[in-house]
Amino acid sequence: MTQTQSSTQETKVCTKCGETKPATLEFFYGQKAHRDGLQPQCKVCRAACNAAHRAAHLDEAHAYEAAWRAAHPGNVRASSAAYCATHREERRANTAAWRAAHPEERAAYGAAYRAEHREEERAYTAAWRAAHPEKVRAYRAAHPEERRAYNAAYDAAHREEKRARMTAYNAAHREESRPYQAAWYAAHREQKLARGGAWEASHPEERRAIVNNRRARKLGNGGTHTAADVAAQRQRQAGLCIYCGAKLGRHYHVDHAFPLLHGGTSWPENLVVACQRCNRSKHARDPREFVGDRRPACPGMSLWPWEEHPIERLRVERPQEPAPG
């Protein structure tokens, strides 16, 4: 340690770089074991040595730091909070730069986090929207096209999930939903009819099942089936009319073996597939009367539905009306 002529401040020569610097804690780290209480190397040289050692032993440094953080969580939180408070703008700039340079990594990380914390994300988003309704309205008003595109993409990717959620909500809030649905239908009648017509044209089997189920429900016969049940029965009949064996085309009929008018159910067991001519000839007659002693005309079937399934799955018994008199 030396004494300068222009000042009474003590100085110290760094043993690493050889520069003379003020002998203070601003330029040297403290070391009680040394006679002047300072390390022999200046802070700049000490930092360079530490950086070189860390680069040469990076895995060991990472392991040591991870272990220290795990053992001192309180210190880590306090240090992070203090750093964020004093470097807010710098941290924002660094974060923005990283996000701009790593869009794929950011998207993958966000998707993984949302998948793992789905309920937390929903709760946080709902709470934020409830607390900032003005910002939500302003954003939606300023970004109508983006919002429309996002909604369309979400609906396409979560169609079944959204349909199930809406069905459950409507079932639980039937009275609340009716006025809204009636108002929406009145305001979008042409759109609803056009969309319904397009759906019926592209889903004839589903529409036929809906109509048959509704007829059975109105008559109180019970039972329900789907388009998949009809397709299974048609496959079982090998695409042939069950009554005459004719090859079925696109415009085949789904026949209730026991007619709905006479207590026939809408369960899959009471369904057969027939050509237009046979179904119209049979009309609402008892199937046993219509077929007589004949067997099904399909190679894969040897029994009629009433011979194969319990009768209660095919028809319901109704009390006979008393004769007028």
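Points to keep in mind about this one:
- Highlighted here are the helices (runs of 4 or more DSSP H) found entirely within the range 132-209 that include at least 1 residues which are closer than 30 Å to V230 by Cα and of a type in the set (A, V, I, L, M): 144-157, 159-172, 189-202.
- If you go through the range 239-266 and keep only what is surrounded by fewer than 21 Cβ atoms within 10 Å (Cβ to Cβ) and either of a type in the set (A, V, I, L, M) or under 34 Å from the mean Cα position of the chain (by Cα) (or both), you end up with A246, L248, V254, L260, L261.
- Pairs with Cβ under 9 Å, 6+ apart, first in the range 45-57 and under 23 Å from K12 (Cβ atoms), second surrounded by 10 or more Cβ atoms within 10 Å (Cβ to Cβ) and of a type in the set (V, I, T): C45/T15
- Of the numbered criteria (1) more than 49 Å from the chain's Cα centre (by Cα); (2) exposed (fewer than 12 other Cβ atoms within 10 Å of the Cβ), the one V44 fails is (2).
- Considering the conditions (1) surrounded by fewer than 16 Cβ atoms within 10 Å (Cβ to Cβ); (2) over 20 Å from L314 (Cβ atoms); (3) not hydrophobic (A, V, I, L, M, F, W, C), R236 is excluded by exactly one of them, (2).
- Single unsatisfied condition, H225 versus (1) in a helix (DSSP H, G or I); (2) touching a Leu at 6+ places or on another chain (Cβ under 7 Å): (1)
- Among the residues listed as L248, L271, the single one being closer than 25 Å to V316 by Cβ and among the hydrophobic types (A, V, I, L, M, F, W, C): L271
- Considering A141, A112, A164, A171, the condition of being exposed (fewer than 11 other Cβ atoms within 10 Å of the Cβ) and modelled with pLDDT under 90 is satisfied by A171 alone.
The values are calculated or read from the model by the stated rules, or taken from the named source; none is laboratory data. Predicted model, so just to flag it, every value in this text is computed and none were measured. Every residue, glycine among them, receives a Cβ derived from its backbone with ideal geometry; neighbour counts consider all protein chains shown.
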